[in-house]
1. State yes or no: is Arg21 at pLDDT 95 or above, of a type in the set (Lys, Arg) and not assigned by TED's automatic domain parsing to the domain that holds Arg332?
2. Of all residues in segment 131-149, which are surrounded by 20 or more Cβ atoms within 10 Å (Cβ to Cβ) and not small (Gly, Ala, Ser)?
3. Could you check Arg128 against (1) over 13 Å from Val3 (Cα atoms); (2) in contact (Cβ under 8 Å) with a residue 60 or more places away in the chain and say which number it fails?
4. Kindly establish whether Val86 is touching a residue at least 24 places away in the same chain (Cβ under 8 Å), within 27 Å of Ser141 (Cα to Cα) and buried (at least 20 other Cβ atoms within 10 Å of the Cβ).
5. Can we say Lys153 is among the basic types (Lys, Arg), in the same structural domain as Ile134 (by TED's automatic domain parsing) and in contact (Cβ under 8 Å) with a residue 60 or more places away in the chain?
6. Restrict the check to segment 51-60 and report whether at least one residue is without any contact (Cβ under 8 Å) to a residue 60 or more places away in the chain, hydrophobic (A, V, I, L, M, F, W, C), within 25 Å of Asp150 (Cα to Cα) and in contact with a helix residue (DSSP H, G or I) (Cβ under 8 Å, 6 or more places away or on another chain).
7. Restricting attention to segment 172-189, and to residues there that are of a type in the set (A, V, I, L, M, F, W, C) and touching a Lys or Arg at 6+ places or on another chain (Cβ under 9 Å), which single residue is modelled with the lowest pLDDT?
Amino acid sequence: MSVLALADCNNFFVSCERAFRPALEAKPVIVLSNNDGCVISRSNEAKELGVGMGVPFFEVRALCAEKGIVSISANHELYVDVSRRVAEVLRRHSPEVESYSIDESFLTWPDAHSALARARALRAEVARWTGIPISVGIAPSKTLAKLASDRAKKLGGALSLLDAGERERVLADTPVRHVWGIAKGLAARLEPHGVTTAADFAALDDALILKLIGVGGLKTAHELRGTSCLSFVAAPARRQSILVSRSFGRSVAALEPLESAVASFAAQAAERARRHGLQAGALRVFLGWREDGRPLAEDAVRRLPPTADTAALARAAKSLVSEIFVEARDYRRAGVILGALAPADSAQAGLFDDGSVERSRRLMKTVDRVNATLGPGTLRYGGEKVSRAWTPRSERRSPCWTTRWEDLPRVKA
């Protein structure tokens with residue numbers, strides 16, 4: 001009988017930083033979001049000192065200074081690459097891997113007897129090749145595997161819930177609000193019916209569950225009982241859109257830096273589209289600002305001949321910005337969305353194509369190859385100027401140790 005496992009990278013963003021900065025081990029560490037706005041990852045030491053997830057940084061700045069908590073600006077380029085490396089190790093240990101998020105993946109193993117030994121071997125190999133600690137939960141369903149991986153973090157890093165008796169003990173010890181798919185609001189709805197633990201919820205009558213929280217809740221209950229209801233998706237669904245957006249480090253009131261920002265975002269979106277073998281048939285650009293304390297936004301959309309050409313998308317994005325730009329307005333955010341995505345190999349050449357489509361394809365392939373070899377942004381169009389006016393604040397960002405030549409760690413022997 002095949003079983004499911006969930007491999008969860010512990011405190012992932014913090015662990016990525018520690019993998020390249022061993023001096024951070026055993027110290028309280030937090031990672032901050034774009035513009036150093038709020039806390040998005042915490043080490044166990046920082047959690048013990050009372051730093052909450054998602055709290056604004058200004059609320060814990062004094063605590064960080066008092067307790068010596070190290071704060072680091074998010075380095076998503078590093079985290080995405082480390083996640084890819086972890087996934088490569090996972091694929092060597094399982095015939096099927098479903099990437100659920102940047103730090104969590106579901107796996108399948110062919111039998112239950114060797115599952116725990118496989119989990120321990122997987123943890124050791126991921127740590128050896130990437131430096132990232134992971135927890136592995138083993139169970140007959142995804143919801144139970146998620147619960148097992150969460151508990152495994154405090155129980156040696158691997159936990160199996162394949163045994164019915166162990167499942168019952170864990171469910172009885174788990175508050176229902178900690179069950180994957182049961183939010184705080186749903187837990188409050190269940191409480192009047194005597195449901196406080198995951199075991200209470202799993203024992204509830206199906207008709208009552210359906211009445212209280214619908215089909216999704218019923219599937220969760222069956223998953224807790226050991227029946228798999230959530231399908232395993234080894235191949236990700238084709239993207240429906242590609243979004244690149246940023247909050248600015250400071251407000252922007254001039255047209256030129258806004259054009260520079262959306263050109264840069266369009267270039268990043270175009271590269272992602274090419275990486276996934278897609279072309280965009282629509283482009284949306286939006287600008288955001290605040291008025292009377294309220295966030296507001298305006299957008300513009302344009303249909304395009306299917307393309308993933310950076311130059312074409314950047315030109316169109318800059319043109320759309322000029323259509324919606326209002327002088328003297330302090331813009332705080334901008335973004336680009338590629339829509340109407342279709343496989344690049346399905347696009348038909350135009351009747352009057354002069355070969356420019358093929359030339360564009362070869363040029364973009366060369367640009368992507370150079371940037372993949374020498375680091376992102378090595379080759380870029382002139383319109384993608386990096387401006388201090390719109391780049392996010394990231395005063396504490398670490399180097400991109402795995403993706404940029406100039407950031408490679410140096411060892412002196």
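1. In short, no.
2. Residues of segment 131-149 that are surrounded by 20 or more Cβ atoms within 10 Å (Cβ to Cβ), as a first pass: 132, 134-149.
Selection gives Ile132, Ile134, Val136, Ile138, Pro140, Lys142, Thr143, Leu144, Lys146, Leu147.
3. (2)
4. Taking the combined requirement at face value, the residue satisfies it.
5. On the way: among the basic types (Lys, Arg): yes; in the same structural domain as Ile134 (by TED's automatic domain parsing): yes; in contact (Cβ under 8 Å) with a residue 60 or more places away in the chain: yes.
Taking the combined requirement at face value, the residue satisfies it.
6. Step one: list which residues in segment 51-60 are without any contact (Cβ under 8 Å) to a residue 60 or more places away in the chain, which gives 51-60.
Okay, now just the ones that are also hydrophobic (A, V, I, L, M, F, W, C), so 51, 53, 55, 57-58, 60.
After this cut, where a residue has to be within 25 Å of Asp150 (Cα to Cα) as well, the list is 51, 53, 55.
Of the ones still in play, those that are also in contact with a helix residue (DSSP H, G or I) (Cβ under 8 Å, 6 or more places away or on another chain) are 51.
Scanning segment 51-60 turns up at least one residue that is without any contact (Cβ under 8 Å) to a residue 60 or more places away in the chain, hydrophobic (A, V, I, L, M, F, W, C), within 25 Å of Asp150 (Cα to Cα) and in contact with a helix residue (DSSP H, G or I) (Cβ under 8 Å, 6 or more places away or on another chain).
7. Filtering segment 172-189 for residues of a type in the set (A, V, I, L, M, F, W, C) gives 172, 176, 179-180, 182-183, 186-188.
Still in the list and also touching a Lys or Arg at 6+ places or on another chain (Cβ under 9 Å): 179-180, 183, 186-188.
Numbers: Val179: 94, Trp180: 92, Ala183: 82, Leu186: 90, Ala187: 91, Ala188: 92.
Result: Ala183.
Residue by residue, here is whether (1) closer than 24 Å to Lys47 by Cα; (2) in contact with a Phe, Trp or Tyr (Cβ under 8 Å, 6 or more places away or on another chain); (3) surrounded by fewer than 17 Cβ atoms within 10 Å (Cβ to Cβ) holds:
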site: Thr108; (1), (2), (3): no, yes, yes
site: Arg120; (1), (2), (3): no, no, yes
site: Arg167; (1), (2), (3): no, no, no
site: Leu224; (1), (2), (3): no, yes, no
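The values are calculated or read from the model by the stated rules, or taken from the named source; none is laboratory data. Everything numeric in this text was worked out from a predicted model, so none of it was measured. With ideal geometry, Cβ positions are generated from the backbone for all residues, glycine too; neighbour counts draw on all protein chains shown.
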